[in-house]
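Have a look at the structure below, then the notes.
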Amino acid sequence: MRRSSMTSKFLLDTNVFIAAVKKGWTDTTELLLHILSGDKYHIIGNDVLLAEYRKYAERLNARDFYEFLRLRMEIVNPTRKEVLRLLPYFPPAQIADAVHAATCLKTGAVLITNDRHFKKVAEEGLIEVWSISEAIRRVLRR
């Protein structure tokens, strides 16, 4: 089942967070701030994603940005059963990615990522996945 591309729910993979804070002000930074500001979009995450964000926020000296994002994120943790359903679509070492995909499946959120590990689950139509550049085009209308 393909999700509507008009959804206002997003799960932002760790590589989006890193791209937004690592190189100063970029289109990705603008995308995140646009999504996080106002009522038009809803950010979904899970405890695993928050731990990943926190780890990179510490490394990249972006703790304030992490807090800004964390306070605007709805935490939805999938069940073990939901994660196990999606685990076969991922390499063995990518359990966190299965958790993120299960969160998207549970909430109907679009996953924004440049991680190719999500290709199979997207091709099966279980979740909708946008690359960062696609999200910039769709959300910022560029």
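Spot the failing condition for GLU30; the list is (1) among the acidic types (Asp, Glu); (2) touching a residue at least 60 places away in the same chain (Cβ under 8 Å); (3) part of a loop (DSSP other than H, G, I, E, B), and only one is missed.
All conditions are met except number (3).
Restricting attention to segment 117-134, and to residues there that are in contact with a strand residue (DSSP E or B) (Cβ under 8 Å, 6 or more places away or on another chain) and not charged (D, E, K, R), which single residue is surrounded by the fewest Cβ atoms within 10 Å (Cβ to Cβ)?
SER131
Conditions: (1) part of a loop (DSSP other than H, G, I, E, B); (2) within 18 Å of THR29 (Cα to Cα); (3) aliphatic (A, V, I, L, M). ALA57 meets all but one. Number of the miss?
Checking ALA57 against (1) part of a loop (DSSP other than H, G, I, E, B); (2) within 18 Å of THR29 (Cα to Cα); (3) aliphatic (A, V, I, L, M), the one that fails is (1).
Please indicate, with yes or no, whether at least one residue in segment 96-104 is out of contact with any strand residue (DSSP E or B) (no Cβ under 9 Å at 6 or more places or on another chain) and surrounded by fewer than 17 Cβ atoms within 10 Å (Cβ to Cβ). Walk me through it before giving the result.
Step one: of segment 96-104, the residues out of contact with any strand residue (DSSP E or B) (no Cβ under 9 Å at 6 or more places or on another chain) are 96-99, 102.
Next, only the ones that are surrounded by fewer than 17 Cβ atoms within 10 Å (Cβ to Cβ) stay: none.
Among the residues of segment 96-104, not one is out of contact with any strand residue (DSSP E or B) (no Cβ under 9 Å at 6 or more places or on another chain) and surrounded by fewer than 17 Cβ atoms within 10 Å (Cβ to Cβ), which makes the answer no.
Which of the following residues is among the aliphatic types (A, V, I, L, M), over 24 Å from GLU30 (Cα atoms) and either free of Cβ contacts under 8 Å to residues at least 12 places away in the same chain or out of contact with any helix residue (DSSP H, G or I) (no Cβ under 7 Å at 6 or more places or on another chain) (or both): LEU126, LEU87, LEU71? Step through it out loud before you land on a result.
Working: LEU126 fails: either free of Cβ contacts under 8 Å to residues at least 12 places away in the same chain or out of contact with any helix residue (DSSP H, G or I) (no Cβ under 7 Å at 6 or more places or on another chain) (or both); LEU71 fails: over 24 Å from GLU30 (Cα atoms).
Exactly one of LEU126, LEU87, LEU71 is among the aliphatic types (A, V, I, L, M), over 24 Å from GLU30 (Cα atoms) and either free of Cβ contacts under 8 Å to residues at least 12 places away in the same chain or out of contact with any helix residue (DSSP H, G or I) (no Cβ under 7 Å at 6 or more places or on another chain) (or both), namely LEU87.
Name every residue in segment 118-138 that is within 14 Å of the chain's Cα centre (by Cα) and of a type in the set (A, V, I, L, M, F, W, C), in order of residue number.
Hits for segment 118-138 are PHE118, ALA122, ILE127, VAL129, TRP130, ILE132, ALA135, ILE136.
Which condition breaks for ARG137 when tested against (1) under 15 Å from PHE10 (Cβ atoms); (2) surrounded by 15 or more Cβ atoms within 10 Å (Cβ to Cβ); (3) free of Cβ contacts under 8 Å to residues at least 40 places away in the same chain?
Unmet condition: (2).
Being in contact with a helix residue (DSSP H, G or I) (Cβ under 9 Å, 6 or more places away or on another chain), buried (at least 16 other Cβ atoms within 10 Å of the Cβ), of a type in the set (A, V, I, L, M) and closer than 22 Å to GLU124 by Cβ narrows it down to one of LEU32, LEU49, so name that one. Don't jump to the end; show me each part of the working.
Values: LEU32 fails: closer than 22 Å to GLU124 by Cβ.
Step by step, each of LEU32, LEU49 is checked, and only LEU49 is in contact with a helix residue (DSSP H, G or I) (Cβ under 9 Å, 6 or more places away or on another chain), buried (at least 16 other Cβ atoms within 10 Å of the Cβ), of a type in the set (A, V, I, L, M) and closer than 22 Å to GLU124 by Cβ.
Out of all the residues in segment 11-29, which are of a type in the set (S, T, N, Q) and under 18 Å from LEU49 (Cβ atoms)? So that I can check it myself, show each step before the final result.
Step one: list which residues in segment 11-29 are of a type in the set (S, T, N, Q), which gives 14-15, 26, 28-29.
Within segment 11-29, THR14, ASN15, THR28 meet the criteria.
Which residues, taken from segment 90-117, are without any contact (Cβ under 8 Å) to a residue 60 or more places away in the chain, closer than 23 Å to GLU74 by Cβ and among the hydrophobic types (A, V, I, L, M, F, W, C)?
Listed by number, the residues that qualify are ILE95, ALA96, ALA98, VAL99, ALA101, ALA102, LEU105.
Given the conditions (1) modelled with pLDDT under 95; (2) of a type outside the set (Phe, Trp, Tyr); (3) over 25 Å from ILE136 (Cβ atoms), and given that GLU58 satisfies all but one, which numbered condition is not satisfied?
Of everything listed in (1) modelled with pLDDT under 95; (2) of a type outside the set (Phe, Trp, Tyr); (3) over 25 Å from ILE136 (Cβ atoms), GLU58 misses just condition (1).
The values are calculated or read from the model by the stated rules, or taken from the named source; none is laboratory data. Here the structure is a predicted model, which means the values were calculated and not measured. All Cβ positions, glycine included, derive from the backbone under ideal geometry; neighbour counts span all protein chains shown.
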